[in-house]
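The block underneath contains the structure these notes are about, expressed in structure tokens.
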């Protein structure tokens, strides 16, 4: 993937991983559009940065995604890279009957959201030079954290969806998966300073170094996430599942 001279759309770009990558891609010489639900967060992310723009987007609405795509392409017809980063993580219990609002919202945001937005932009992207789609999944797509079962499932689904997308779009649009480990962001309460999680700046710096490789890896995997990504292939899935969930429980103080 070309790392400068692009027009890049990043969903969930008002905070966390999305904001950190938006700033780094902007620093590298790209026009960057950040999209998300909270206008105040988007405005903060672009403050003082020429050629950074913000557009509100609610991925929970199919009609809203289509309207967003029309507005985006009218204002920024040179968009050639889509980074599907927006996501939510909710803690859920599986051992008792519960309200499924959290599970349904997670599926809508994390799975339907990227599918809808990719669908709305795919014909445009296929006509653009140096076009790319980057889908942000998670190390939990490969080894689940049992406290967040629907989140894990959506990320595993996007991993599979990305493989299909890459095969179908071969030689037309580059398709890349970015699978983060546990990173210090506001994804869940208290996570910004949670012990043992990778500092956000360190993660973003490592990711940008991987994007700069030639050719760009089909999977952007920082060193910390390899423990999860390769667990099954290396024959240690059960052991890793146990270690991950013990670590996560301790880190949250549960």
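Rule-based calculations on the coordinates, nothing more; no lab input. This is a predicted model, so every value here is computed, not measured. No Cβ is skipped: glycine too gets one built from the backbone with ideal geometry, and neighbour counts run over all protein chains shown.
General remarks:
- Degrees separating the helix 113-125 axis from the principal Cα axis of the chain, which is the longest one: 30
- If R0 equals 35 Å, the separation of the Cβ atoms of residue 252 and residue 127 corresponds to a calculated FRET efficiency of about 0.15.
- Beyond 21 Å, the tail of the calculated P(r) for segment 143-254 holds 44 percent of the Cα pairs.
- Helix 62-75 axis, angle to the chain major axis (alpha carbon atoms, nearest 10°): 40
- Between the Cα long axis of helix 149-168 and the first principal axis of the chain there is an angle of about 40°, rounded to the nearest 10.
- Between residue 61 and residue 47, the modelled label-to-label distance comes to 2.7 nm, taking each label 7 Å out from Cα in the direction of the beta carbon.
- Structure remark: mean-square fluctuation, Gaussian network model of the chain, C-alpha springs under 10 Å; the largest value among 174, 206, 104 belongs to 104.
- With the biggest extent put first, the Cα atoms of segment 7-252 measure 48, 41, 36 Å across the principal axes.
- Modelled FRET efficiency - R0 25 Å, residue 205 with residue 4, Cβ distances, 0.05 increments: 0.90
- Ordering of 53-64, 70-81 by packing is 53-64, 70-81, highest average first (other Cβ atoms within 10 Å, averaged per residue).
- Here the extension length gained between residue 37 and residue 218 equals 62.3 nm, from 0.36 nm per residue of separation less the Cα-Cα distance.
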